[in-house]
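One structure is given here, and the rest of the page talks about it.
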Amino acid sequence: MSSASEAAKTANQIIEVMQKISRSLERIHFFKKEAQSIYIKTPQKIVQYDAAIRVRESGVISKKIRFPLPQVECINGMCMPSLFQLGKSIKRTPTGFVLSVEDIPAGTELVLMQFQYKIPDSKFITNLVETKVATEPLESNHMDEYWMSAQLRFPQILKKIYTDLRVEDIDLDVNVAVDNEIRTAIPFAVKKDLQIIREMLSETERGKAHALLLEHLQMKRRLSVDIYSIITEIATLFSPLRFKSFVEVTAPFRYSDSKQGTSFSDYAGQLVPKMMTVVSLADLNLELPAVNGKVLYKKKDMLDKIKSVFK
């Protein structure tokens, strides 16, 4: 977990880079900065500084507008009211970027500019945002509830500089236990046959393996089911696409993905996960610096679905 000093350092790091961009704009006499904001795009690991800039025709001193910002990776601009995009007109130089005044259409009143740079280190987001998830659910007969939360660390530091800051698509992983429904739903006779198959596949003595095969064939006739196709069908319930229908993520969080855990039960060669990881996303800003939500696992629906496979 990040310390308070690390969190404060990261917040100040954002301010430092953004102040360099802001000071760069203030030194351009052709421009007058009127508003600024920050967007932190978590999955892409990008910090984006947005600025609304008024054009001052009387301020032209040089035909070239220079942005001495080597740490910035990309600059884009849109002119208002023409909606002309400046992306191709902004050229990279060894020390930053340059834009020709002549590339800005006549009659432009405002330029909406975006400056993007990569998040500098792997701890950047964890220093800026604190996340917590439940390791054990609140259980009921029909579903399990896993709580989760996300909050900005020290938003007051950033409020001193910016009126708008957003951190987008913060991801939280919640591990949902699913093995109990599998154990409960599979009939005893099927479990017995699966155990016979497992022993048969691992048996090296020919006579014993043959005896187990006969026992399996006898069980197969008694069960009157194709045990391999049944177990395969159960396993597919835990594919990300199908498992999605058995979980719900409460607002303001939103569902993103499901992934199989790393621990599996081996049902005669067919691996079924003991746990599924549900990935949820949340956005934070200075007006909403903390959010709480839940992952709801509809275990009764899953139990009923597995039982239906044997009917």
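Table: residues versus (1) part of a loop (DSSP other than H, G, I, E, B); (2) under 31 Å from the mean Cα position of the chain (by Cα); (3) hydroxyl-bearing (Ser, Thr, Tyr); (4) not assigned by TED's automatic domain parsing to the domain that holds LEU165.
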{"residue": "ALA51", "(1), (2), (3), (4)": "no, yes, no, yes"}
{"residue": "GLY77", "(1), (2), (3), (4)": "no, yes, no, yes"}
{"residue": "LYS132", "(1), (2), (3), (4)": "no, yes, no, no"}
{"residue": "THR135", "(1), (2), (3), (4)": "yes, yes, yes, no"}
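Can you tell me which residues in segment 105-149 are in contact (Cβ under 8 Å) with a residue 24 or more places away in the chain, loosely packed, with under 15 Cβ neighbours inside 10 Å and among the hydroxyl-bearing types (Ser, Thr, Tyr)?
Once the filter is applied, which keeps residues that are in contact (Cβ under 8 Å) with a residue 24 or more places away in the chain, loosely packed, with under 15 Cβ neighbours inside 10 Å and among the hydroxyl-bearing types (Ser, Thr, Tyr), segment 105-149 yields only THR135.
When you check VAL72 against the structure, is it assigned to a loop (DSSP other than H, G, I, E, B) and buried (at least 18 other Cβ atoms within 10 Å of the Cβ), yes or no?
Taking the combined requirement at face value, the residue satisfies it.
Just name the residue that is farthest from ILE231 (Cα to Cα) out of those in segment 198-218 that are of a type in the set (Asp, Glu) and under 48 Å from the mean Cα position of the chain (by Cα).
Filtering first and then ranking leaves GLU203.
Which one of these does LYS307 not meet: (1) charged (D, E, K, R); (2) part of a strand (DSSP E or B); (3) modelled with pLDDT under 90?
(2)
Step by step: first the residues of segment 234-259, then only those that are basic (Lys, Arg) and within 15 Å of the chain's Cα centre (by Cα), then the one that is nearest to PRO187 (Cα to Cα). Which residue is that?
Checking each candidate, the answer is LYS259.
In segment 147-262, which helices (runs of 4 or more DSSP H) lie fully inside it and hold 2 or more residues that are closer than 30 Å to ILE21 by Cβ?
Fully inside segment 147-262 and qualifying: 155-159.
Within segment 61-118, track down each residue that is aromatic (Phe, Trp, Tyr) and closer than 20 Å to GLN19 by Cβ.
PHE67, PHE97, PHE115, TYR117
Could you list, in sequence order, all residues of segment 138-166 that are within 20 Å of TYR255 (Cβ to Cβ) and out of contact with any Ser or Thr (no Cβ under 8 Å at 6 or more places or on another chain)?
The answer is LEU138, HIS142, MET143, ASP144, GLU145, TYR146, TRP147.
Just to check your reading of the model, which residue among SER62, SER122, SER82 is out of contact with any Gly (no Cβ under 6 Å at 6 or more places or on another chain), at pLDDT 90 or above and assigned to a loop (DSSP other than H, G, I, E, B)?
Going through SER62, SER122, SER82 in turn, the sole match is SER82.
The values are calculated or read from the model by the stated rules, or taken from the named source; none is laboratory data. Model, not experiment: these values are computed from the prediction. Every residue, glycine among them, receives a Cβ derived from its backbone with ideal geometry; neighbour counts consider all protein chains shown.
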